[in-house]
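Working notes, beginning with the structure itself.
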Amino acid sequence: MPHRSKPRYSFRPVTPDDLEMIAGWLAEPHVAEWWDDPDEQIASIREHIDSISVEPLIIELDGRPIGYLQSYDPHLEDDHPYQDQPFGTLGIDLSIGVPDLVGIGHGSAIVRQFVEELFAEGTPRVIIDPDPANLRAIRAYEKAGFKAFDKRTSVYGPALMMARDNEEGEFS
């Protein structure tokens, strides 16, 4: 069997049929620790299925759904706390839902691949805002090239602001 050194992930839009699966992931202890009330999260994801400000996605590994990722434009939401970021910046949030796939390198690989795809589309900067206590996520984002630039507390709670700039973009 051939060895693949870098897993390739695919990202597809969330559909209403995915919401039950996402709810199951939100109930997993490794996810529930960092995400708010699952019912509120599912309601928010449902609202964003047809949104222009947030793009909810399912992460797939070899065609198997393994997690949830959303990208968002803070400049398209009224009073978003990250509107101080340069125009064109996108934010991302993600969780690997399958417990057996946590802690073995998928998080940083998923983020790295997704960010490279955003950069190829011309995105100048990508931000991510883990809870400062979520050391596993912070390490994964650092491995994916993100650097911390601020600590904040917003309506979303405490956040370690991290960014990765497109080397081809004006913010590098």
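Numbers at a glance
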| read-out | value |
| --- | --- |
| Residues satisfying the stated conditions in segment 127-154, i.e. of a type in the set (A, V, I, L, M) and either in a helix (DSSP H, G or I) or within 14 Å of the chain's Cα centre (by Cα) (or both) | Ile127, Ile128, Leu135, Ala137, Ile138, Ala140, Ala144 |
| Some residue of segment 150-157 being over 17 Å from Tyr68 (Cα atoms), touching a residue at least 12 places away in the same chain (Cβ under 8 Å) and touching a Gly at 6+ places or on another chain (Cβ under 6 Å) | no |
| Ala109 vs. criteria surrounded by fewer than 17 Cβ atoms within 10 Å (Cβ to Cβ), out of contact with any Cys (no Cβ under 6 Å at 6 or more places or on another chain) and closer than 23 Å to Ala137 by Cα | no |
| Of residues in segment 154-172 being at pLDDT 90 or above and farther than 22 Å from His30 by Cα, the one surrounded by the most Cβ atoms within 10 Å (Cβ to Cβ) | Arg164 |
| From Asp37, Asp62, residue being out of contact with any strand residue (DSSP E or B) (no Cβ under 7 Å at 6 or more places or on another chain), more than 26 Å from Ala109 (Cβ to Cβ) and acidic (Asp, Glu) | Asp37 |
| Members of segment 67-112 found to be charged (D, E, K, R) and more than 17 Å from Gln41 (Cβ to Cβ), listed by number | Asp73, Asp78, Asp79, Asp84, Asp100, Arg112 |
| Qualifying residue in segment 98-121 (condition: assigned to a loop (DSSP other than H, G, I, E, B), touching a residue at least 24 places away in the same chain (Cβ under 8 Å) and touching a Leu at 6+ places or on another chain (Cβ under 6 Å)) | no |
| Exclusive hit being closer than 23 Å to Glu117 by Cα and either touching a helix residue (DSSP H, G or I) at 6+ places or on another chain (Cβ under 6 Å) or modelled with pLDDT of 90 or more (or both), set Leu26, Leu76 | Leu76 |
| From the options Gln70, Gln85, residue that is among the polar types (S, T, N, Q), buried (at least 18 other Cβ atoms within 10 Å of the Cβ) and within 15 Å of the chain's Cα centre (by Cα) | Gln70 |
| Subset of segment 54-67 [buried (at least 18 other Cβ atoms within 10 Å of the Cβ) and among the small types (Gly, Ala, Ser)] | Gly67 |
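Matching residues to (1) within 13 Å of Ser95 (Cα to Cα); (2) in a helix (DSSP H, G or I); (3) touching a residue at least 60 places away in the same chain (Cβ under 8 Å):
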| site | (1), (2), (3) |
| --- | --- |
| His30 | yes, yes, yes |
| Asp39 | no, yes, no |
| Ile42 | no, yes, no |
| Glu47 | no, yes, no |
| Ile52 | no, no, no |
| Ile59 | yes, no, no |
| Pro65 | yes, no, no |
| Ser71 | yes, no, no |
| Asp78 | no, no, no |
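The values are calculated or read from the model by the stated rules, or taken from the named source; none is laboratory data. Please read all numbers here as calculations on a predicted model, not as lab measurements. Because the Cβ atoms are built from the backbone with ideal geometry, glycine has one as well, and the counts that use them run over all protein chains shown.
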